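Reviewing the structure listed below.
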Amino acid sequence: MKETTPKHNANTELPNMNETKLKVKAILFDLDGTIVDSRDAYLEAARTAFQATGQKPPTCQTALQIPKRLEQNQPIGDLTKTNTQQFLNIYLKTFYAITEVKTKPIPNIHIALKTLQQKAKLALITMRNVPNAKLTKELQHFRLAQFFTHIITAQDTHKPKPSPEALIKALKAVDVQICDCLIVGDSPSDIKAGKTAGTKTAAVLSGLYTRQELAKLNPDLILKDATQLPHYIE
């Protein structure tokens, strides 16, 4: 697998431009941890849910384990120590209510998306269980909506990632063959979905997962964040 995450310091150079570049006609992006930084929203949702269920505020580590477990369909009872469904109802309601104010675009992502838009069709796939219109409004707030020709949320699919359903639906919408597509995400679910569908895959380290967790899935690229992607696309 290509080594694509350079060491970063004040004089960080651009990724090695001699790397083999990917030729794609469509790029499908995950949202949380890939296009926007959602850590503050995850932390606030966890604090609210723990308080509402009569518990002490969670540690940062515990709070950030919750979205990782949920994404991978793993139990969270050992973390929440209360009625799971009651906790989740409060947690998710809070999270969806605050994403517009508690998440923020990855620094310089606008520049990267503008460049990539000239090279391929861009679509967004998120497993947030919200109406498409609500998510579009949030993206407009961040001045990101204009970059995506199609947006898919959990309400547009029957099976969440790592099922490839959302990817395949997005590719049909943008009229691009699977082999000409790249999926970009911060989680194992994104990479698994891409590999199941047969797309190229790029993992980013701007979310909740470590290089070691993502490298196990052998993505085509591992990048510090999505702003490096233009350097790897023809």
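Looking at K93, K161, K121, K114, can you tell me which residue is modelled with pLDDT of 95 or more, of a type in the set (K, R) and closer than 22 Å to S206 by Cα?
K114
Checking the structure you have, find out if any residue of region 209-218 is at negative phi and either among the β-branched types (V, I, T) or part of a strand (DSSP E or B) (or both).
Yes, that holds for at least one residue.
Being out of contact with any Gly (no Cβ under 6 Å at 6 or more places or on another chain), among the acidic types (D, E) and either farther than 19 Å from A120 by Cα or free of Cβ contacts under 8 Å to residues at least 60 places away in the same chain (or both) is true for just one of D175, D186, D225, D220. Which residue is that?
Residue meeting the stated conditions: D175.
Would it be correct to say that G194 is assigned by TED's automatic domain parsing to the domain that holds H150, part of a loop (DSSP other than H, G, I, E, B), in contact (Cβ under 8 Å) with a residue 24 or more places away in the chain and not β-branched (V, I, T)?
no
Six or more apart or on different chains, Cβ under 7 Å: which pairs go from a residue in region 149-171 that's free of Cβ contacts under 8 Å to residues at least 60 places away in the same chain and small (G, A, S) to one that's in a helix (DSSP H, G or I) and surrounded by 21 or more Cβ atoms within 10 Å (Cβ to Cβ)? Could you list them?
S163/A193
What residue, of T59, T48, T84, is of a type in the set (S, T, N, Q) and crowded, with 17+ Cβ neighbours inside 10 Å?
Result: T48 is the single residue among T59, T48, T84 that is of a type in the set (S, T, N, Q) and crowded, with 17+ Cβ neighbours inside 10 Å.
The values are calculated or read from the model by the stated rules, or taken from the named source; none is laboratory data. Keep in mind that this is a model prediction, so the values were computed, not measured. For neighbour counting, all protein chains shown are included, and Cβ atoms are generated from backbone atoms with ideal geometry for every residue, glycine included.
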